[in-house]
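The values are calculated or read from the model by the stated rules, or taken from the named source; none is laboratory data. Every value quoted in this text rests on a predicted model; they were computed, and no experiment measured them. Note that we place each Cβ from the backbone using ideal geometry, even for glycine, and neighbour counts take in every protein chain shown.
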């Protein structure tokens, strides 16, 4: 039991389980899934589908944060990729053609790859602080998106494009497969190769890594480029869901949700060690919380307060210091002497 | 000068026990500190010195024993409690605000107030007064960060004076100071002692212990070995107490410095007129196969700057390199690594270890970086390399999956050495590899360097401890004022000769 509690994902998972439990108690139908026309329906299925854009963005954010950085531009990049893709589809004579849609998606993602690489250039080559470097595109990105759409909200009709966010495969939403694929690919690239550990090394100690011969510039650059690509795909999913490129609303504040998901998953904002599994759990926690808010009928005007309150509780539960504080109080009450101590540092 | 135990103890620690998970860090240790004495705490890394200090300064709660300060029994729940009791600490890493002025740092929290508002002029005057009692005359309006570590340390001490401390704890204060700075610090320490302050001093430098201490307490493996008057404890006995055995093995190493080197062959590395404006004047340097070249010189003489250029950590703006006889471009660490040059920085924590990664990950990092991220070292290959080097260098604890930051300094240094040896270099540059580490680890590292060079590895060895340089190196390059002033053959010289050489090539630098 002790080993389970010590596991670094114990508290993130505990928070998610607690949230699901609260939902199930207040609404027994929460966990139930119904089958209709070979498709699954239910709150859980909705959460799996709706969490996809955040999942993609948060994966990229995890890598960027691991390098001691942060990417504020992801929301704006979502707007850009949606705008590029939809503009191409709208302009094409045959929006229903799968080839056209694939080209449009490719163009949208390539654009955000380029913009992500720009972020990486500012941070890795010019040495600009990540928060400032990515703030540029956070502000300018939506302008670029508006430029692409000519200032309008582009809407389209295209069955293949719509399928991205709204279609199903084997009864489960296609968007869910996209997020599973993204998790698998990122995990494979980071953990099957040495990229993950080199990224962590750069995030923990950039100078020591440089002297050890790690090509840190390329690693940091790549992290922002990857974040751009993932944000691009997230933008495609978002615009596919509403079949419109809304430069102002697409991915609004998603960078904050993504950062929150990363932190809830146990990755430190100070950089270094990261946990992709933790981020996945963090994303599901946030999405579950959002659906809880909707279900409980919290008025939209006050929902941020509700969300903030829950987030504070979750973060406090994960804080070692707070837990130790409670443990001390508990110990004082039960008066059992303890032999353990925090910070097991074998000091001289 | 205090003579004996009749002086009333300021601090009495009795039976101090501290338990970490799985480790008994302190086992019923007694420690007594008297007013007007400099009391040095000695022991290898992991002996419990830091833990004892942290118990006294309220960082760690104690699991057993009593702490009495000025006759009053105390329980410290935090550092603030210890400060209230008059115990001030100056740490190895200065913990002041480098972005505030000197005066603000000295007086922080004790600013002079008139009618509730801070009177900055009076505050700075006060700060000046405190600094002057320590013999420091600097502009109190200047930023603390603009001063050397030595001055910052003195500022930290005067800050302790402001808080009216009766006990001053100095944890490794001299590890990054040069000789002149150490002398100034010691003058201040002796002055404070004469004013009745009880001083607890921790250092790794054996010379310094005898220079300044009245009394020495030795710890080993969390237990008290004994308390001795400094004048009655010989150096050999002290070392024997610290490591629990006599240290004869180091003497055997002295043969290394007499080994004949074939200097007719092509040098592994040759630097011709390599320099960097404002950092180091153009110098020539060559290193041959199997040779250990020592670099001697005071701190700030350009030793580190020189090897950083050779490694490409900083870019040389003049001169050229030859590796194995062919021209080589070395402008980044990667270039140097590709030419099979390795470099272990003097700054172990900032520029060496990757603290949160495991010992194993730290060891294979050098190889992995060379291979690139796409070709990950397989698990079996990693464990083979890691266990080979952990055994060869006797890294303790022998757990490859422990985060390297939890290791003692000496073992961290061994991990760094392992990282570089695993890349099979032809030349390894070791900048202060034995600084701040215990005697046992020091001997291990010296022995390893001697063995490797005998097998043909070229080594550039920098150390502030001249004995060590003379013991290992066949040739000593002497630096001063950011240039090379000469070369000595170490077989026929003593430490004093080197010091003499540094001094007599011009008096201005010794001022």
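Table for the structure above
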| quantity | calculated |
| --- | --- |
| Residue count, the stretch A:238-253 (criterion: within 15 Å of the chain's Cα centre (by Cα) and surrounded by fewer than 24 Cβ atoms within 10 Å (Cβ to Cβ)) | 2 |
| All positions within the stretch B:127-151 that are in a helix (DSSP H, G or I) and in contact with a helix residue (DSSP H, G or I) (Cβ under 6 Å, 6 or more places away or on another chain) | B:127, B:130, B:131, B:144, B:150 |
| Residue A:186 vs. criteria in the same structural domain as residue A:231 (by TED's automatic domain parsing) and free of Cβ contacts under 8 Å to residues at least 12 places away in the same chain | no |
| Flag for residue A:98 being touching a helix residue (DSSP H, G or I) at 6+ places or on another chain (Cβ under 6 Å) and surrounded by fewer than 19 Cβ atoms within 10 Å (Cβ to Cβ) | yes |
| Filtered residue count, the stretch B:379-398, keeping only those that are under 21 Å from residue A:205 (Cβ atoms) and outside any helix (DSSP H, G or I) | 1 |
| From the options B:367, B:341, residue that is touching a strand residue (DSSP E or B) at 6+ places or on another chain (Cβ under 7 Å) and more than 9 Å from chain A (Cβ to nearest Cβ) | B:341 |
| Residue ranges of strands (runs of 3 or more DSSP E) in the stretch B:17-113 with at least 3 members at positive phi, touching a helix residue (DSSP H, G or I) at 6+ places or on another chain (Cβ under 8 Å) and more than 10 Å from chain A (Cβ to nearest Cβ) | none |
| Selection count where residues are at the interface with chain B (Cβ under 7 Å from one of its Cβ atoms) and touching a helix residue (DSSP H, G or I) at 6+ places or on another chain (Cβ under 7 Å), scope the stretch A:196-212 | 10 |
| Tally, over the stretch B:374-404, of residues that are surrounded by 15 or more Cβ atoms within 10 Å (Cβ to Cβ), farther than 30 Å from residue A:186 by Cα and within 14 Å of chain A (Cβ to nearest Cβ) | 3 |
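To keep it simple, each residue is scored yes or no on (1) closer than 25 Å to residue B:336 by Cβ; (2) surrounded by 21 or more Cβ atoms within 10 Å (Cβ to Cβ).
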site: B:407; (1), (2): no, yes
site: B:424; (1), (2): yes, no
site: B:441; (1), (2): no, yes
site: B:444; (1), (2): no, yes
site: B:449; (1), (2): yes, yes
site: B:453; (1), (2): yes, yes
site: B:496; (1), (2): no, no
